[in-house]
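Report on one structure; see the data block that follows.
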Amino acid sequence: MKENGTQMHAIVCEVQRELFTLICEQGEIHAKLRGAFYKENSIFPVVGDKVLIHFNQNGDSIIEKVFERKSKFSRTDFSGHAAGYVKTIKEQVLAANFDYVFIVDSLNKNFNVNRITRYISLALKSGAKPVVILTKADLCNNVDYYIKEVKSISEKIDICIISAKSGIGMKQLDSYLKRGSTIVLLGSSGVGKSTLVNEIAGEELMKVSEIREDDSKGRHTTTHRQLIMLPSGVAIIDTPGIRELGMWEASEGIDDTFSDITELFGDCKYSNCTHTTEPSCAVKKAIENKIISNERWKLYCQLKNEDEWGKNKAIYTSKQKLKNKISRT
Ligand SMILES: Nc1nc2c(ncn2[C@@H]2O[C@H](COP(=O)(O)OP(=O)(O)OP(=O)(O)O)[C@@H](O)[C@H]2O)c(=O)[nH]1
Ligand SMILES: [Zn+2]
């Protein structure tokens, strides 16, 4: 055991109010924040954060500082607003420092290309690399159709076709599952995230609920640590907040996913071109010349619209909540 007070690095694997569970060279430990965190309005550690601690073998260690994040998922926190005007919109970080976002969807009726696009947008915005993982290949006989759909989002995106059950394609994941890398999984219920994690871990870390394949329905069953460190040195993050990530956060991400389109905007004749009826519009020209497909343009517009709508909705609901609160008092 190290002496008390020794400084060392650790990774946050669970946050419960003011108590943190960390992994460091001494194994799993508990820690609290140095008092100054509260006074200085510092950045509070979240799951995945790398922190500097003062080790204490007899009780809780003390977190001294949070190191700079290389990636993060966050959402906007509208709570604490004064009525009638926007005071401070806080950023609530849900998880940090992951390398890859595994976007999991299944090769069946559950598959949804728009949902995958949203997740890609979020992943790109987070600073990590998106990898689309299509599961249940053992049940699918038209894999090419699904690959084409994902490629319509972006040619550049990594796609893995796998079956955690039969082992098809699992080798492709090795290049992401290197010691020291951290993975986040995104995907709706029942697509096979837990099954995939168990297969990667080589043991049953997560409970898998058996579902009937005919109606493609799954149930929420996953409960476990928010960051799991596998014996292989690969970490897997799965926090409840990430599961609920809102679309309204993804605006910049959408522009990254569709950079081939957004790069055209500068070539339109008018700087305020709406790309609908204006003459010499670079977007319309590109569609006519089949440089970008009309479907892809529509998908971009649709996602941007939903994104705007989502933003307005978030502001609307927070205003509405405030009104309700005020009218009750
Ligand atoms: N045939 C087949 N079935 C699979 C595969 N992967 C998962 N399943 C089945 O799909 C169902 C759902 O799997 P889970 O791993 O629990 O899905 P999940 O995404 O973790 O679901 P939540 O925990 O609800 O988010 C279970 O019945 C699994 O046995 C696969 O590669 N092939
Ligand atoms: Zn235009």
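Legend: residue pairs LYS125/LYS178; LYS72/LYS165; LYS90/LYS284; LYS269/LYS304; LYS70/LYS290, Cα-Cα distance threshold 27 Å; pairs beyond threshold, LYS72/LYS165; LYS90/LYS284; LYS70/LYS290.
Site pair ILE292 and GLU40 shows an inter-label distance of 4.5 nm when each label is modelled 7 Å from Cα along Cα→Cβ. Around the amide H of ALA95, modelled in the peptide plane, lie the amide H atoms of PHE73, all under 5 Å away and 5 or more residues distant in sequence or on another chain. Each residue of region 292-305 is assigned a 3J(HN,Hα), and the resulting list reads 10, 7, 4, 4, 5, 4, 5, 4, 4, 4, 4, 5, 5, 4 Hz, derived from the Karplus form 6.51 cos²θ - 1.76 cosθ + 1.60 (θ = phi - 60°), x at Gly and Pro. Inter-label distance, THR276 to ASP256: 3.0 nm, where each label sits 7 Å from its Cα along the C-beta direction. Please give the FRET efficiency for TYR145 paired with GLU204, using the beta carbon to beta carbon distance and R0 = 35 Å, rounded to the nearest 0.05. Calculated transfer efficiency: 0.60.
Just so you know, all these numbers are worked out from the coordinates, no wet-lab data involved. Note that the structure is predicted; figures quoted are calculated from it, not measured. Using ideal geometry, Cβ is built from the backbone for each residue, glycine included, and neighbour counts are taken over all protein chains shown.
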